[in-house]
Amino acid sequence: MEEDKIVGVIPVKDYAHWAYKETNPDEIYKKPEALDDMVVIDISYGNFAGLFCSSILAEMGAEVIRIEPPEGDIARKMTPYGIMIKDTGLAYIVEGRNKYHITLNIESEEGREIFKRLVKKADVLIETYKPGYMDSLNIGYRDLSKENPGLIYAAIYTYGQFGHECTKNANKPDYDITVQARGVIMSITGEPELDPEVPKEYKKPLKHGNWMGWYAGGAWAALGILIAMFYKRKTGKGQFIDASPPEGLMAMSNYVIQFFHETGTKMIRAGNFDYAVFPYTYVKAKDGYVFMSGFTDPNWEGVTNIMNRPDLRERFPTIKDRLTPENQPIIQHEIEKFTQNYTSDELLEMCNKYNADKTKPGTVVTGRLDSPKEVLEREHWKLRKTFVKLNDPYYGELLIQNSSFKSMSRTPGRIKWACRPVGADNNMIYLRYLGFGNKKLEELKEKGVI
Amino acid sequence: MEDIDELPYTEFIKKLMDPEKIFDKPEPLKGIRVLDMTYVVLGPAAVDYLAEFGAEVIFFEDRDGDTMRYVTPFAYLYKNMSPGLQEQNHNKYWVGMDVRHPKAKELFLELVKKSDVVVENLAPGRMAEWGLSYRELKEVNPKLIYLSLSGFGHWGPWAGRTSYDAIAQSQGGLSAITGYPERGPIKSGVWIADWIGGLMGAIAVMAALNYRERTGEGQFIDYLQTENVIRWLDWTWLYVFKTGKDRKRAGNRDLAICPSDMFTCKDGWIAIAAFKEEEFYGLCKAMGRLDLFEKYKDPVERLKEENAVRLLKEIAEWAKTKTVKEIDELGAKYGFAASPILDVQDAYYSEHYRERKAIFEYEDPLYGDMVEPCYPPRMSETPSRIKWGARPIGFDNEYVFTKVLGLTIEEVRKLEEEGVLFKWDESKPMTCPPPDWDGERGRFFP
């Protein structure tokens, strides 16, 4: 690879080469996996918090066995505009990575017996049913932990497994939109309440475009599982993990709870503004949108110098002046008047040129708001192997995001396969774990157990 | 255990979790020492997640202190403390020391020998300039786990570029898909790319600790916050690849689950979702519109643009005639997902979150009664907990260098006189103890 493609703007060149060598994505397959002694059973249903959680563990080498009901997980049908590739939607194909897919009907007595025998051999169980459902089938934590005291049982559910709201709402299913709704962040995301130029019908809460609630729920559960696993390695003990995805979002809602506790003030929707750091915003450019920042006094001076608007500096001289909800829309619209005359590349060049001139105060950071299509074209992501292309024997040509743990020097995360059809690994898994041959599997199939 | 076995499920779980007894349970990361060379949100959050599960964290600041001492809503300070600093710093020991000083570097290397993890989110290559990258540190401690968090990583055409949370949101594609189709892109209401980048960084450290437990080997982790945003965008990339089209903004509508959207009621907003057959049936029944169930029974057919738009319109018409509370309760009765949009006040006073200790009350020795979120998930054997919050610059110099490094208090004082170690700056209130501090309160030593 050419020198500048490895070094970028890293100040110590040989260090960048060293880092490349340590985390070269082409060498991943030669290295060990962090979690390849762990067995995980993921019996989540219709739930991408559960699926993302087990993806994280599977990317780092855990043997993940996905249990679906014989007709398949309904999560396979959660797909944009109903686009399916054979039996499966796009979202599921992304999170089927490295997992074995088996079927089992836990509503049948025989299915439950098989389930218990599998769980006895597992370190981790992930489930996303309504609270008490597994328990009512006698396969909840109190039953399973008796036979496998080292079991780490992770239950993911909007309202958690106990508490006031859990009792009241336990009949509701878990979805990303309700997770986001209960995670506080949604209440302060959306078009700015105090910008007079925003039409009233847009002044309402807004979810993140992706499944932020589900992915956060899954990641928090994975953190808990790895902490519990670390503890288990030392003590042999398992435990129960109660992962409520909205609590995961609430714990990441900036300072809003501390600030409310200290002042009694509720933060309001700021849109692209920020009441703690500004300018730190998105503005229109000639060819799309760009991020612009200039928070501290010197950096703000930089912004006004680039725009040649010293009057703005005089009008809003201190950080405090620039943080009020009333002033931010004014500053925003003044910046936009300037930026919309230039393309994002022109603005980047202007800022870089300004920042390089050490006689002038401040640093102004800008960056284009890339659309997904543009992200896919960026050379940086291509060289870092942020995406992988696979020709799957069943699902055909695919492009999916790689493991984001792929740059661990000793135990990089990786993708081995994308997804498997419903029940595709029944033969292998049931044979390896329970010694079921073809005749036994046929028999179970006829009974509707698998 | 026998006596709680007969309890109904949620009572059984509550007994098992026993949130009132958190401090009587072990800390899973006890004995893991983390040197925290981070600043702002991304890095400090990653370490904070470990600190609330019991890791011993030593947090280093230079003379100005962490940037977040100055980044606070409306420039507000609470007893000299920035709420912007409080949110991602708990249970840490606070040291004022700049490793660019040769003697400070020496002390840092001594601490590295006695530590398990180093975390930093400086511009990639900065630690290498100082001779403190993993390349050098592994020579003094081969079992060390070193996590670096950055926007674009330690090699590649964009390596070393400045990154903020909003850069990661925009260059990772999140902003482009957040907002209304006929309006512009919208930034998250919080520094979400920092928080989730830190979360995945903490997960990487935990995986590395698990591996080290098996093999004794440490490692270097290059975690890219922008790549993390890309990883979290679910079906986006496969969709673009298969269709050649960009993913559009869709407001609160979920393009892959129908119905799943936010609706306007008589008195506010409600989020509703119902994808599985029995849930969709429940919703249609609650609406008194079983005709919709018959018409849109197949969940995949329902996702097709024309069907989805029509169905969501029907639900919107119905929601307009109801209150938020009515629909919330109908959700519980008929088994579909429904929830009001909780704001900070709802969460703060929520009996549920308090009971679960998700909203955690504690008395901070410096700032008094505090109420803050405590990191999930809730765990039965080894729960997370908050012991104290953010502190002034250098507040724990004495404790760290006597207890951890074994210096005498005289030696620590000498290092402070030489300017190797330092404390808060009286001319900058945001670096100082509360105005009413008595010179003793909250100090662990001497």
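The values are calculated or read from the model by the stated rules, or taken from the named source; none is laboratory data. Predicted model, so just to flag it, every value in this text is computed and none were measured. Positions of Cβ are backbone-derived with ideal geometry, glycine not excepted, and every protein chain shown enters the neighbour counts.
Structural remarks
- As a summary of the residue check, A:Lys358 satisfies the conditions (1) loosely packed, with under 14 Cβ neighbours inside 10 Å; (2) modelled with pLDDT under 95; (3) within 21 Å of A:Tyr280 (Cβ to Cβ); (4) not β-branched (Val, Ile, Thr) except for the one numbered (3).
- Against the list (1) more than 7 Å from chain B (Cβ to nearest Cβ); (2) out of contact with any Lys or Arg (no Cβ under 7 Å at 6 or more places or on another chain); (3) charged (D, E, K, R), the condition A:Glu147 fails is (2).
- Failed item in (1) surrounded by fewer than 22 Cβ atoms within 10 Å (Cβ to Cβ); (2) under 22 Å from the mean Cα position of the chain (by Cα), with A:Tyr395 passing the rest: (2)
- For B:Ile203: the one exception among (1) β-branched (Val, Ile, Thr); (2) free of Cβ contacts under 8 Å to residues at least 12 places away in the same chain; (3) surrounded by 24 or more Cβ atoms within 10 Å (Cβ to Cβ); (4) touching a strand residue (DSSP E or B) at 6+ places or on another chain (Cβ under 9 Å): (4)
- Residue among A:Tyr282, A:Tyr231, A:Tyr215, A:Tyr255 that alone is aromatic (Phe, Trp, Tyr) and closer than 30 Å to A:Met350 by Cβ: A:Tyr282
- Taking helices (runs of 4 or more DSSP H) as the structural unit, those lying wholly within the range B:220-331 and holding at least 3 residues that are touching a strand residue (DSSP E or B) at 6+ places or on another chain (Cβ under 8 Å) and not assigned by TED's automatic domain parsing to the domain that holds B:Ile167 correspond to B:236-243, B:305-319.
- Residues of the range A:178-228 satisfying the condition of being among the basic types (Lys, Arg) and within 7 Å of another protein chain (Cβ to nearest Cβ): A:Arg182, A:Lys204, A:Lys207
- Every condition in (1) more than 8 Å from chain A (Cβ to nearest Cβ); (2) buried (at least 19 other Cβ atoms within 10 Å of the Cβ) holds for B:Ile272 except the one numbered (1).
- Only residues that are over 21 Å from B:Pro373 (Cα atoms), in a helix (DSSP H, G or I) and touching an Asp or Glu at 6+ places or on another chain (Cβ under 6 Å) were counted across the range A:196-244, and they come to 2.
- Residues that are assigned to a loop (DSSP other than H, G, I, E, B) and touching a helix residue (DSSP H, G or I) at 6+ places or on another chain (Cβ under 8 Å) were ranked within the range A:353-365; the one that is nearest to the other protein chains (Cβ to nearest Cβ) is A:Val365.
- Looking across the range B:125-144, just one residue is in contact (Cβ under 8 Å) with a residue 60 or more places away in the chain, crowded, with 22+ Cβ neighbours inside 10 Å and of a type outside the set (A, V, I, L, M), and that is B:Tyr134.
- When residues of the range B:299-357 are limited to those that are aromatic (Phe, Trp, Tyr), free of Cβ contacts under 8 Å to residues at least 40 places away in the same chain and at the interface with chain A (Cβ under 8 Å from one of its Cβ atoms), the one surrounded by the fewest Cβ atoms within 10 Å (Cβ to Cβ): B:Tyr348
- Close pairs (6 angstrom Cβ cut-off, 6 or more residues apart or separate chains): more than 7 Å from chain B (Cβ to nearest Cβ) and within 24 Å of A:Glu95 (Cβ to Cβ) in the range A:366-388, assigned to a loop (DSSP other than H, G, I, E, B) and aliphatic (A, V, I, L, M) anywhere: A:Val388/A:Ile415
- Residue match in the range B:160-183 (condition: farther than 18 Å from B:Ala193 by Cα and more than 9 Å from every other protein chain (Cβ to nearest Cβ)): yes
- Within the range B:51-69, restricting attention to residues that are touching a residue at least 60 places away in the same chain (Cβ under 8 Å) and touching a helix residue (DSSP H, G or I) at 6+ places or on another chain (Cβ under 6 Å), the residue that is nearest to the other protein chains (Cβ to nearest Cβ) is B:Phe53.
- Helices (runs of 4 or more DSSP H) wholly inside the range B:77-195 that include at least 1 residues being more than 30 Å from B:Pro434 (Cβ to Cβ) and of a type outside the set (A, V, I, L, M, F, W, C): B:102-113, B:126-129, B:134-140, B:165-171
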